[in-house]
Amino acid sequence: MLTIMIAAVAAQLSMSAPWAEFSRSGALNHVDETVEISTQGGRSERGPIYELRYTTERLDSAPETRSTDSGACPAARTVVESMRDIDTPSPAPYGINGKTAGIVLDGASYRLRVPSSYKTGDLTMTSNADTPLAEWIDASFESFASCWKAEPR
């Protein structure tokens with residue numbers, strides 16, 4: 001047990017504190033995938049170096065963690081920059097005339113937490129499938145597919 005705790009702390013220390021994360025969770029397959037994004041102290045000619053940590057959790061096994069950075073995976077910078085282009089939803093309170101979203105009980109849950117354009121503000125979006133957020137997250141996972149390296153245990 002102590003070995004597992006030490007390994008978890010070591011993995012946390014190897015990456016700067018994440019300032020953003022996105023995830024998807026399958027309602028039927030029970031697979032949770034999360035990408036945390038932080039920024040290294042160094043810079044490249046294109047800007048800051050982004051570190052990414054990808055954690056996959058399944059019901060029947062221990063979490064699996066992999067990582068990459070924008071130096072090893074050029075798609076990382078493209079994905080981070082494309083966050084600004086996600087079509088964001090507007091409030092749609094129930095009972096008010098206009099378009100309101102229905103409740104969906106299956107599919108997948110998508111989530112993005114990122115700093116917002118407001119001073120010291122964060123933005124958190126959640127959705128199900130067939131939304132701009134879901135499309136962006138699915139495309140991001142595809143972009144990173146060949147980039148991940150297993151983290152040392």
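Applying the selection to the range 15-72, what residues are among the small types (Gly, Ala, Ser), in contact with a strand residue (DSSP E or B) (Cβ under 9 Å, 6 or more places away or on another chain) and assigned to a strand (DSSP E or B)?
The answer is 20, 23, 25, 26, 38, 41, 42, 67.
Residue under question is residue 25, and the condition is that it be modelled with pLDDT of 85 or more and more than 19 Å from residue 146 (Cα to Cα); does it hold?
Against the criterion (modelled with pLDDT of 85 or more and more than 19 Å from residue 146 (Cα to Cα)), residue 25 qualifies.
Considering only the range 108-121, I want to know if a residue exists there that is more than 25 Å from residue 69 (Cα to Cα), under 15 Å from the mean Cα position of the chain (by Cα) and modelled with pLDDT of 90 or more.
Yes, because at least one residue in the range 108-121 is more than 25 Å from residue 69 (Cα to Cα), under 15 Å from the mean Cα position of the chain (by Cα) and modelled with pLDDT of 90 or more.
Kindly indicate whether any position in the range 131-140 is assigned to a loop (DSSP other than H, G, I, E, B), open to solvent by 80 Å² or more (accessible area, probe 1.4 Å) and modelled with pLDDT under 95.
The answer is no; no qualifying residue exists.
The values are calculated or read from the model by the stated rules, or taken from the named source; none is laboratory data. Keep in mind it's a predicted model, so treat the numbers as computed, not measured. Counting neighbours? That spans all protein chains shown, and the Cβs are built from the backbone with ideal geometry, glycine included. These area figures cover heavy atoms from the full protein model, side chains too; ligands, DNA and RNA do not enter into them. Shrake-Rupley method; radii C 1.70, N 1.55, O 1.52, S 1.80 Å.
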